[in-house]
Amino acid sequence: MQERLIGRIAIDSGLVRIGDPCYEIPYDSQAGEKGELKHLGKLDNIGVVQALDLPSPIGDGVFDVYGIYEDDYLVQIVIDFT
């Protein structure tokens, strides 16, 4: 396996959200307001959810994101909060 730096993520809320972009908070055009994610998971959640909110152990900042590759396929993502 090979580890490569694939980017950096800026955190300004103390949280990283991991999820499918199609499940982002919906906008109700008739009511003119945003809805809510119905199945938002937390770090200790077990099961399938639309998104996970993961707290940064040191709050806000810019953090390196590494990809772990096996045979040129991305198999893991690691966010370095140190």
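If the condition is being at pLDDT 90 or above, among the β-branched types (Val, Ile, Thr) and more than 23 Å from Glu70 (Cβ to Cβ), then the stretch 1-21 contributes only Ile11. Looking only at residues of the stretch 48-82 that are of a type in the set (Ser, Thr, Tyr) and part of a loop (DSSP other than H, G, I, E, B), we find that the one that is nearest to Ile18 (Cα to Cα) is Ser56. I need the full set of residues from the stretch 47-82 which are surrounded by 11 or more Cβ atoms within 10 Å (Cβ to Cβ) and more than 19 Å from Arg8 (Cβ to Cβ), in order please. Val49, Gln50, Ala51, Leu52, Asp53 - these are the residues of the stretch 47-82 that are surrounded by 11 or more Cβ atoms within 10 Å (Cβ to Cβ) and more than 19 Å from Arg8 (Cβ to Cβ).
The values are calculated or read from the model by the stated rules, or taken from the named source; none is laboratory data. Predicted model, so just to flag it, every value in this text is computed and none were measured. Here the Cβ is made from the backbone with ideal geometry for all residues, glycine too, and neighbour counts use every protein chain on show.
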